[in-house]
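Below: the structure, in structure tokens.
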Amino acid sequence: MAEAAPDETSERAKYEAMWAREEYRRYSPGEALVGMAIEALGIGPCDYVIDYGCGSGRAAQHLARVAAAVTAIDIAPNCLDPDVDVDFVTACLWDLPPDIGPADIAFCADVMEHIPPHKVSAVIESIAQHTTRGAFFQISTVPDGCGKLIGQSLHLTVRPAPWWHRQLGEHWAGVDCLADGASAIFTCESSRSSLPIST
């Protein structure tokens, strides 16, 4: 009998277990990439940013020092670090609440590889629909090592950068790949954007 595809309930439980582990909090890929995202997308004091799959919230907190407003979204209600103070919404990325956004900029780091394959397109489409200018995606292209802490796999969609480029291109007017390796980094331009994104 085939194993059931991951759903919102099972994914939330998995990440609640992961965020209960201190080892999982030690490194935040998104936090390390905030400067690159700010420069690539020209994020400034007039912008509203949504951090999709915010995890510890450290990246969102850094973004909040530059942008006018930041909303951090994650499926796990226990993900934020204790000292992080940002506007936080617990939500599943393929089933966002109707009152989310739209934001000028979407920030999504170390998230898309965690999405079940049958939900990838829905998540990209949802982020695009809630974004008016552009997006920054960082996506791991290799298997994870942390899931073994709870006996599960975290990276459910492990694909190379060209595959992710095609997926993003189905929902964004323009997609540029800034890095291609163990992690792929993309900037995307919304079809509703009138401002070019610097690359």
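For Ala182 and Ala5, FRET efficiency with R0 = 22 Å and r from the beta-carbon atoms, rounded to 0.05?
Details: r = 26 Å, r/R0 = 1.19.
With R0 = 22 Å, the Cβ-Cβ based efficiency is 0.25.
Ranked highest first by the average count of other Cβ atoms within 10 Å around their residues, in what order do 92-100, 28-36 fall?
Numbers: 92-100: 14.6, 28-36: 18.3.
Those peptides, ordered most packed to least, come out 28-36, 92-100.
At 0.36 nm per residue, and after removing the present C-alpha to C-alpha distance, how many nm does the segment from Ala173 to Asp144 gain when stretched out fully? Numbers along the way, then the final one.
Working: separation 29, 0.36 × 29 = 10.44 nm, distance 3.03 nm.
The span from Ala173 to Asp144 would gain 7.4 nm if fully extended.
Report the label-to-label distance for Glu125 and Asp99 in nanometres (one decimal), using points 7 Å from each Cα along the Cα→Cβ vector.
Modelled inter-label distance: 2.5 nm.
Report in % the part of the accessible area of the chain that belongs to carbon and sulfur, leaving out ligands and nucleic acids; probe 1.4 Å.
Values: 4710 of 9080 Å².
Carbon and sulfur: 52 percent of the exposed surface of the chain.
Can you give me the long-range amide H partners of Ala103? Hydrogens built in the peptide plane at 1.01 Å from N, cutoff under 5 Å, separation of 5 or more residues or another chain.
The list, which skips near neighbours in sequence, is Thr131, Thr132.
Please give the peptides 139-151, 43-55 ranked by average Cβ packing (other Cβ atoms within 10 Å per residue), highest first, as a rough proxy for protection.
Numbers: 139-151: 14.9, 43-55: 21.9.
My ranking of the peptides, most packed first, is 43-55, 139-151.
I want to make sure I understand the PRE zone here: with the label point 7 angstrom from the Cα of Val89 toward its beta carbon, which residues in the range 115-130 have backbone N atoms less than 18 Å away?
Only 122-130 pass the distance filter.
For the chain, modelled as a GNM with alpha-carbon contacts under 10 angstrom, which of Ala109, Ala20, Ala40 fluctuates the most?
Greatest mean-square fluctuation among the candidates belongs to Ala20.
Nearest 5 is fine: what % of DSSP beta bridges in the range 27-171 come out antiparallel, could you say? Walk me through the numbers before you get to the answer.
Numbers: 1 of 19 bridges.
Roughly 5 percent of the DSSP beta bridges within the range 27-171 come out antiparallel.
With labels modelled as points extended 7 Å from the Cα through the Cβ direction, what inter-label distance (nm, one decimal) is found for His118 paired with Asn78?
If labels sit at His118 and Asn78, their model points lie 2.8 nm apart.
Per residue, how much accessible surface does the chain expose to a 1.4 Å probe? Answer in Å², no decimals.
Values: 9080 Å² over 199 residues.
Roughly 46 Å² per residue, with all protein chains present.
The values are calculated or read from the model by the stated rules, or taken from the named source; none is laboratory data. Just so it is clear, the model here is predicted, and its values are computed rather than measured. Glycine also receives a Cβ, built like all others from the backbone with ideal geometry; neighbour counts cover every protein chain displayed. Surface accessibility is based on the protein's heavy atoms, side chains included, excluding ligands, DNA and RNA. Shrake-Rupley method; radii C 1.70, N 1.55, O 1.52, S 1.80 Å.
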